[in-house]
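This report concerns only the one structure given below.
What follows draws every value from the coordinates through simple rules; no lab data is involved. All values reported here derive from a predicted model rather than from experimental measurement. Reconstructed Cβ throughout: ideal geometry from the backbone, glycine too, with neighbour counts over all protein chains shown.
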Amino acid sequence: MIRKKKNVAIVAHDNRKADIAEWVDWNWKALAQHSLVCTGTTGKLVEETITKKCQDNDFFAPTVTRLKSGPLGGDQQLGAMICEGKIDMVIFFWDPMEPQPHDVDVKALLRISVLYNVPTASNRATADFMISSPLFDQDYKPEVKDYQSYISRNIEL
């Protein structure tokens, strides 16, 4: 069950950090109603941006949980949180033009978000659609595939 107050993960590669800060600045009011989880320096940018907007407008700033930097394990921490049902949606502005030293971690994170049917935006347009959806501020029960047959399969040695 995805509750009305969501745990929103926000991640951005270095070349997309300015984009994510601008997006958070533009959407601060919608995001302020939820808890935010970010990797590394993205978390610092998000926290600074949203805290300033909230202070300037007499809003309570949301909780921003900062994980490790992506290449230092933050992507894997976030993936574990998805597996544990602690993340309700992922906003991940990734850079398709720049090879990343942790591409395998990025791929694993995106794979886990699909596996657990977690809404995931990889660009600004999709992120805009997600947070402007009426479902963003409502309870929602996503369909999660039952993998019991996979877990219970016979393995011959």
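Compared with the dominant principal axis of the Cα atoms in the chain, helix 74-83 is inclined by about 60°. Around the amide H of residue 10, modelled in the peptide plane, lie the amide H atoms of 37, 38, 39, 91, all under 5 Å away and 5 or more residues distant in sequence or on another chain. Packing here is the average count of other Cβ atoms within 10 Å per residue, and on that basis the peptides 122-134, 27-39, highest first, run 27-39, 122-134.
For residue 116, no residue has an amide H sitting under 5 Å from its own, ignoring neighbours fewer than 5 places away on the same chain, with H placed 1.01 Å from N. Between segment 128-157 and segment 1-80, what's the alpha-carbon centroid distance in Å? After rounding, the separation between the Cα centres reads 23 Å.
Across the cross-link table entries 53/145; 53/107; 17/107; 52/141, which are compared at the Cα atoms, the separations over 31 Å belong to 53/145; 53/107; 52/141. Extending 7 Å from the Cα toward the beta-carbon at both residue 115 and residue 151 defines two label points whose distance is 1.3 nm.
Between the helical axis of 40-56 and the longest alpha-carbon principal axis of the chain there is an angle of about 40 degrees.
Each of the peptides 101-110, 8-17 was scored by the mean count of other Cβ atoms within 10 Å over its residues; in descending order, highest first, they stand as 8-17, 101-110. When each of the peptides 40-46, 81-87 is scored by how many other beta carbons lie within 10 Å of its residues on average, the order from highest to lowest is 40-46, 81-87.
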